[in-house]
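The values are calculated or read from the model by the stated rules, or taken from the named source; none is laboratory data. These numbers come from a predicted model, not from an experiment. Here the Cβ is made from the backbone with ideal geometry for all residues, glycine too, and neighbour counts use every protein chain on show.
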Amino acid sequence: MARIFCVANQKGGVGKTTTCVNLAAALQARRQRVLLVDLDPQGNATMGSGIDKRDLTRTVYQVLVGIADFAACRMRSPNGGYDLLPANRELAGAEVEMVSLERREHRLRDALAGVIDEYDFVLVDCPPSLSMLTLNGLCASHGVIIPMQCEYYALEGLSDLVNTIKKVHANLNAELKIIGLLRVMFDARITLQQQVSAQLESHFGAKVFEAVVPRNVRLAEAPSHGMPGVVFDPSAKGAKAYVAFAKEMIQRVKAL
């Protein structure tokens, strides 16, 4: 049965989508069966997986509001090799429509229930806000992966996110826990980043992943080609870091 992980951070621009797409491709390359769920109306994970969101007629939106079933909306990433439940701007409307639906916080969980045995990993790319979509991601997941930059404001946002996860764990999903913190866009030459990194290790200990993703131009270029960075340029430092992260994730799942 699949382990479901949402990649979440209430702060925008911290590499959630980059982490989702590259982790999915790196896990697939290690013969894991992977599903990536794009829960962000921006549809960046969909585009980064090589699928044009503007051409889609069926997305995760139809699944959440009950218009279509999972099988009708699932697609295969042509470059990453993993399965994808895509998204586009239409998903923004789900926020309002889901308010009046039954089990509104568990719509994604219910949709995944029938296919969970087909995968080893399900990764959920959450939007950069605490919305009904993010709540669905948290309620469907066994754990949360938190990508973050080693900067002061990132620490401020982290405490808010941890509190949110605790509330969801207490009230909606008793299985939910923090799997780990992934340091991204890291530049070892900047003293502040080294200091924040040390603070994270001191406070969270083993919850901080050993893998560290450096700031990398090739990772930033990859989405414009519709490819995960680990496929676009496997020799890049950023790609190698995500491959190392995938290996670490597999080990952590075995230990759960």
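Candidates are the residues of segment 168-201 that are exposed (fewer than 13 other Cβ atoms within 10 Å of the Cβ) and among the charged types (D, E, K, R); the one that is farthest from Ala236 (Cα to Cα) is Glu175.
Taken over segment 17-45, the criterion of being more than 14 Å from Phe245 (Cα to Cα) and crowded, with 22+ Cβ neighbours inside 10 Å is satisfied by Thr17, Val34, Leu35, Leu36, Val37, Asp38, Leu39, Asp40, Pro41, Gly43, Ala45. Among the residues making up segment 54-99, those that are closer than 23 Å to Arg218 by Cα and surrounded by fewer than 21 Cβ atoms within 10 Å (Cβ to Cβ) are Pro78, Asn79, Gly81.
When Arg183, Arg218, Arg189, Arg252 are checked against the criterion of being within 15 Å of Ala25 (Cβ to Cβ) and of a type outside the set (A, V, I, L, M), Arg218 stands alone in meeting it.
Count of segment 131-173 residues, restricted to those that are at pLDDT below 95, closer than 15 Å to Val14 by Cα and of a type in the set (A, V, I, L, M), is 5. The listed residues are Val162, Val168, Val122, Val99, and the only one of them that is touching a residue at least 12 places away in the same chain (Cβ under 8 Å), touching a Lys or Arg at 6+ places or on another chain (Cβ under 9 Å) and outside any loop (DSSP other than H, G, I, E, B) turns out to be Val122. Among the residues of segment 132-168, those that are more than 15 Å from the chain's Cα centre (by Cα) and not hydrophobic (A, V, I, L, M, F, W, C) comprise Gln149, Glu151, Tyr152, Tyr153, Glu156, Gly157, Ser159, Asp160, Asn163, Thr164, Lys166, Lys167. On inspection, Ile250 qualifies as surrounded by fewer than 19 Cβ atoms within 10 Å (Cβ to Cβ), in contact (Cβ under 8 Å) with a residue 60 or more places away in the chain and among the hydrophobic types (A, V, I, L, M, F, W, C). A search for C-beta distances below 6 Å between a residue of segment 172-194 that is farther than 16 Å from Arg252 by Cβ and any residue that is at pLDDT below 95 and of a type in the set (Asp, Glu), counting only pairs 6+ apart in sequence or on different chains, returns Leu172/Glu105; Gln193/Asp187.
Taking (1) assigned to a strand (DSSP E or B); (2) touching a Phe, Trp or Tyr at 6+ places or on another chain (Cβ under 6 Å); (3) among the β-branched types (Val, Ile, Thr) in turn, Val213 satisfies each apart from (2).
Checked against the criterion of being at pLDDT 95 or above and out of contact with any Pro (no Cβ under 7 Å at 6 or more places or on another chain), the candidates Leu182, Leu176, Leu256 yield just one match: Leu176. Restricting attention to segment 102-119, report how many residues are more than 19 Å from Ile51 (Cβ to Cβ), touching a Phe, Trp or Tyr at 6+ places or on another chain (Cβ under 9 Å) and in contact (Cβ under 8 Å) with a residue 60 or more places away in the chain. So the answer is 1.
Filtering segment 16-38 to residues that are over 9 Å from the mean Cα position of the chain (by Cα) and either part of a loop (DSSP other than H, G, I, E, B) or of a type in the set (Ser, Thr, Tyr) (or both) leaves Arg30, Arg31, Gln32, Arg33. If you go through segment 120-131 and pick out every residue that is crowded, with 20+ Cβ neighbours inside 10 Å and either of a type outside the set (Phe, Trp, Tyr) or over 23 Å from Phe204 (Cβ atoms) (or both), you end up with 6. Considering Arg189, Arg183, the condition of being within 23 Å of Phe245 (Cβ to Cβ), basic (Lys, Arg) and either assigned to a strand (DSSP E or B) or under 18 Å from the mean Cα position of the chain (by Cα) (or both) is satisfied by Arg183 alone. Within the span defined as segment 53-72, every residue fails to be farther than 15 Å from Val122 by Cβ, touching a Pro at 6+ places or on another chain (Cβ under 7 Å) and among the small types (Gly, Ala, Ser).
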